[in-house]
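Novice: Take this structure first; my questions come after.
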Amino acid sequence: MSIKKPRLAVISTYDELCGIASYARAMVRQLSPYFEIRVFDLDQYMFRHSSTRVRKMADKEVERICEELREFDCVNIQLEHGIFGKNKRDSYRRICKLIEAAPSLCITFHTVFEGASVNWKQLWQKLGKFKLKEAWSLAITTRMEHNLLGAGIYHAIRRAQTGKKASVVVHTRRDARMLRVLERLSDVHDHPLAYYSHEEALTYEQESRRAEFPLLKDCGKEVVLLGCFGFTGSYKGIDTALRALQLLPENYHLAIFGGVHPESIQKGVPLDPYLTELLKIIGPGRNWLDDVHGSSGKAINLNASVDELLKLAGTPHSRDISRRAHFMGPMTDDDFPRAMMVCDAVLLPYLEVGQSASGPMSMAVNLNRPVIATRTRTFLQFSRYYPGRVALFDIGNYLQLSQIIRSGDFRRRDPNSADDEPGTASNIATYRNALAVERAGR
């Protein structure tokens, strides 16, 4: 006699090209053997629209979801505040409604706001420079994010925990400690993002080839291929990777797997501002007064002959890396791990943005790839789960990055050396515990 699986509702973006949707798909795949799962996909056109009419439609959709949640044994909310609304008050209100309506729930926090007061020193500096709009934005953002989306949602969870099973999953031990001690939440679990099992990683390693990617057809065995992954936003630090590439020998190439985030696409803008910055680094043009002629190190002779000037015109800039930088475009869920497998190292030169986790970082470690990343709070916390697995460098220090790459001072562990590391099996166990599977059946 087969045992009926508990019914699990997952509330998230799902059919989207974004990190939250990608993780939700991975989690659903992992939990499907243990739960009967239905995903409530949050339509980002509707939920992030700024017009009053469409915002009301999103509110109606939340009400519909709340009604249907009564039919489920447990609910998981993938909580990245922005996917519930561009307006922070809308986001807060919708999340609280879902928390209240869920019969039993587990909330996965992808960003954890700490309680914080306004930075008065910074505020007064802006006021002193008559930057009134920036000062007002600073005060409002602090209040909204930390007091409403932070303390406000934590209060809603504490209230829910008095009458039903309401657990929390975060991605760092630091966040777990903060929620337990400072926010007085119970039933808090921590686990890094997990995407691929050991067996899946071996399969991708055996099947992945550079020949699968037409834009890498000129990257032979002699090419050391470095990879950056994810949307090409400024916080990804791809400019740091490109500046490091300029300092590396000709056989080092950088592949940029990703594209402009759909939310960043603007009407009438011919080229994304950050892409413009990257292209200037890749192909700096020719400044004849500052450049050198070939490799001789001599300044340009302004009395040079026409033939010499024509030859110079055809000589690339000494820092031109256009033949060694490859824009690969966005990847599907199946292409992403294959792309990582064909790279000799995964670069994550991110800026500090306060996120609690990184999908590309977890994917790379799950796939046993060599990883070089910046010393952000997120990556420092992540490294506690995987000691010795990630080579770290200071944010923006492209010289240090180039030296680490050139020296080979980063590791690819023995697949059998750390079987106790977090992975998909421990991730499944964490969620089964957080969702109280043994008590969820009716």
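Novice: Go through the stretch 38-56 and give me each residue that's more than 25 Å from the chain's Cα centre (by Cα) and buried (at least 16 other Cβ atoms within 10 Å of the Cβ).
Specialist: Selection gives Arg55 alone.
Novice: Taking the stretch 163-199, which residues are touching a residue at least 40 places away in the same chain (Cβ under 8 Å), out of contact with any strand residue (DSSP E or B) (no Cβ under 9 Å at 6 or more places or on another chain) and assigned to a helix (DSSP H, G or I)?
Specialist: His198
Novice: Looking at Ile11, Ile83, Ile77, can you tell me which residue is part of a helix (DSSP H, G or I), within 23 Å of Ala166 (Cβ to Cβ), assigned by TED's automatic domain parsing to the domain that holds Lys164 and touching a residue at least 60 places away in the same chain (Cβ under 8 Å)? Walk me through it before giving the result.
Specialist: On the way: Ile11 fails: part of a helix (DSSP H, G or I); Ile77 fails: part of a helix (DSSP H, G or I).
Exactly one of Ile11, Ile83, Ile77 is part of a helix (DSSP H, G or I), within 23 Å of Ala166 (Cβ to Cβ), assigned by TED's automatic domain parsing to the domain that holds Lys164 and touching a residue at least 60 places away in the same chain (Cβ under 8 Å), namely Ile83.
Novice: Considering (1) closer than 27 Å to Phe213 by Cβ; (2) touching a Lys or Arg at 6+ places or on another chain (Cβ under 8 Å), say which one Glu352 fails and leave the rest.
Specialist: Exception for Glu352: condition (1).
Novice: Would you be able to say whether some residue in the stretch 123-144 is modelled with pLDDT under 95 and in contact with a Phe, Trp or Tyr (Cβ under 7 Å, 6 or more places away or on another chain)? Spell out the reasoning first.
Specialist: Applying the first criterion (modelled with pLDDT under 95) to the stretch 123-144 yields 123-144.
From what is left, the residues that are in contact with a Phe, Trp or Tyr (Cβ under 7 Å, 6 or more places away or on another chain) are none.
No, that holds for no residue.
Novice: Scanning for something surrounded by 14 or more Cβ atoms within 10 Å (Cβ to Cβ), touching a residue at least 60 places away in the same chain (Cβ under 8 Å) and assigned to a strand (DSSP E or B), does the stretch 228-239 turn up at least one residue?
Specialist: yes
The values are calculated or read from the model by the stated rules, or taken from the named source; none is laboratory data. Note that the coordinates shown come from a computational prediction; the quantities given were computed from them, not determined experimentally. Note that we place each Cβ from the backbone using ideal geometry, even for glycine, and neighbour counts take in every protein chain shown.
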